[in-house]
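Undergrad: I'd like to ask some things about the structure below.
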Amino acid sequence: MNDSVFHRLYDSYHQDVFQFLIYLVKNRQTAEDLVQEVYVRVLRAYSKFEGKSSEKTWLFSIAKNVAIDHFRKHAVRKKRLFDSFDWENMQLASTDMLPEDLVQLNDEMKTLLIALDECTGDQKMVIIMRYFQELSIAETAQILNWTEGKVKTTQHRAVKALRQRLSVKEKEGNVHHE
């Protein structure tokens, strides 16, 4: 991979990849470290990139794998268990405080991000890709290596779960104000 290709990829997608990772891990330093890992993998794997997908979806699939590896290592370290990490059913709740970037978000967005922590890993990925990164259903399916139907179903379930959680939080909030 020559320098100009690497710099073009970095300049074009660095901010999107960073945002995607910070929404997942909610820690600036961790997200920065993971972005570096994404681009290390890009350097290693670019010669195998066949152009079957866009560079953007290819980069996001690498970012997704880096994030999964991070949560897997974190879960193993945290629980000292070496049994398999159940990505579909595990919740990806980050215990870190929201970074400055997220603190500046409006209250609805903060509430949504906190509610997302209670979703499954699959649901969280789909919501971040579709609504925060504004990726299409086709791009999301390509990144996750799923069918478009699975993306739609997961998105539907995630939105339904988020609506329920947010309405519960809203009722709790109203109770405290009375």
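The values are calculated or read from the model by the stated rules, or taken from the named source; none is laboratory data. Worth saying up front: this structure is predicted, and the values here are computed from it rather than measured. Reconstructed Cβ throughout: ideal geometry from the backbone, glycine too, with neighbour counts over all protein chains shown. Keep in mind that these areas ignore ligands, DNA and RNA; they rest on the heavy atoms of the full protein, side chains included. Shrake-Rupley method; radii C 1.70, N 1.55, O 1.52, S 1.80 Å.
Undergrad: Collect the residues in the range 140-152 that are open to solvent by 60 Å² or more (accessible area, probe 1.4 Å) and either in contact with a Lys or Arg (Cβ under 8 Å, 6 or more places away or on another chain) or polar (S, T, N, Q) (or both), keeping them in residue-number order.
TA: Step one: of the range 140-152, the residues open to solvent by 60 Å² or more (accessible area, probe 1.4 Å) are 142, 145, 147-148, 150, 152.
Result: 142, 145, 147.
Undergrad: Scan the range 28-47 and give yes if some residue there is assigned to a loop (DSSP other than H, G, I, E, B) and either modelled with pLDDT under 90 or surrounded by fewer than 12 Cβ atoms within 10 Å (Cβ to Cβ) (or both), otherwise no. Walk me through it before giving the result.
TA: From the range 28-47, those assigned to a loop (DSSP other than H, G, I, E, B) are none; that's our starting set.
No, there is no match, as no residue in the range 28-47 is assigned to a loop (DSSP other than H, G, I, E, B) and either modelled with pLDDT under 90 or surrounded by fewer than 12 Cβ atoms within 10 Å (Cβ to Cβ) (or both).
Undergrad: Could you check how many residues of the range 117-139 are more than 11 Å from the chain's Cα centre (by Cα) and open to solvent by less than 10 Å² (accessible area, probe 1.4 Å)?
TA: Matching residues across the range 117-139 total 2.
Here is a yes/no grid of residues against (1) farther than 17 Å from residue 57 by Cβ; (2) modelled with pLDDT under 95:
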| residue | (1), (2) |
| --- | --- |
| 123 | yes, yes |
| 127 | yes, yes |
| 132 | no, yes |
| 135 | no, yes |
| 147 | no, no |
| 158 | yes, yes |
| 165 | yes, yes |
| 169 | yes, yes |
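Undergrad: Which of the residues that make up the range 153-166 are open to solvent by 50 Å² or more (accessible area, probe 1.4 Å) and free of Cβ contacts under 8 Å to residues at least 40 places away in the same chain? Spell out the reasoning first.
TA: Narrowing the range 153-166 to residues open to solvent by 50 Å² or more (accessible area, probe 1.4 Å): 153, 156-157, 160, 163-166.
Listed by number, the residues that qualify are 153, 156, 157, 160, 163, 164.
Undergrad: Do we find that residue 5 is free of Cβ contacts under 8 Å to residues at least 24 places away in the same chain and either open to solvent by 30 Å² or more (accessible area, probe 1.4 Å) or over 18 Å from residue 73 (Cα atoms) (or both) in this structure?
TA: Details: free of Cβ contacts under 8 Å to residues at least 24 places away in the same chain: no; either open to solvent by 30 Å² or more (accessible area, probe 1.4 Å) or over 18 Å from residue 73 (Cα atoms) (or both): yes.
Spelling it out, it is not the case that residue 5 is free of Cβ contacts under 8 Å to residues at least 24 places away in the same chain and either open to solvent by 30 Å² or more (accessible area, probe 1.4 Å) or over 18 Å from residue 73 (Cα atoms) (or both).
Undergrad: OK, next. Among the listed residues 82, 6, which satisfies the condition of being farther than 21 Å from residue 135 by Cβ, modelled with pLDDT under 85 and in contact with a helix residue (DSSP H, G or I) (Cβ under 8 Å, 6 or more places away or on another chain)?
TA: Numbers: 6 fails: modelled with pLDDT under 85.
Matching residue, one of 82, 6: 82.
Undergrad: Moving on. Just checking, does the range 9-18 include any residue being touching a residue at least 40 places away in the same chain (Cβ under 8 Å), open to solvent by 60 Å² or more (accessible area, probe 1.4 Å) and under 13 Å from the mean Cα position of the chain (by Cα)?
TA: So far as the range 9-18 goes, no, none of its residues is touching a residue at least 40 places away in the same chain (Cβ under 8 Å), open to solvent by 60 Å² or more (accessible area, probe 1.4 Å) and under 13 Å from the mean Cα position of the chain (by Cα).
Undergrad: Let me ask you something else. What pairs come up if the first residue lies in the range 49-73 and is at negative phi, the second is assigned to a loop (DSSP other than H, G, I, E, B) and of a type in the set (Gly, Ala, Ser), and their beta carbons are under 8 Å apart, counting only those six or more places apart or on different chains?
TA: 61/53
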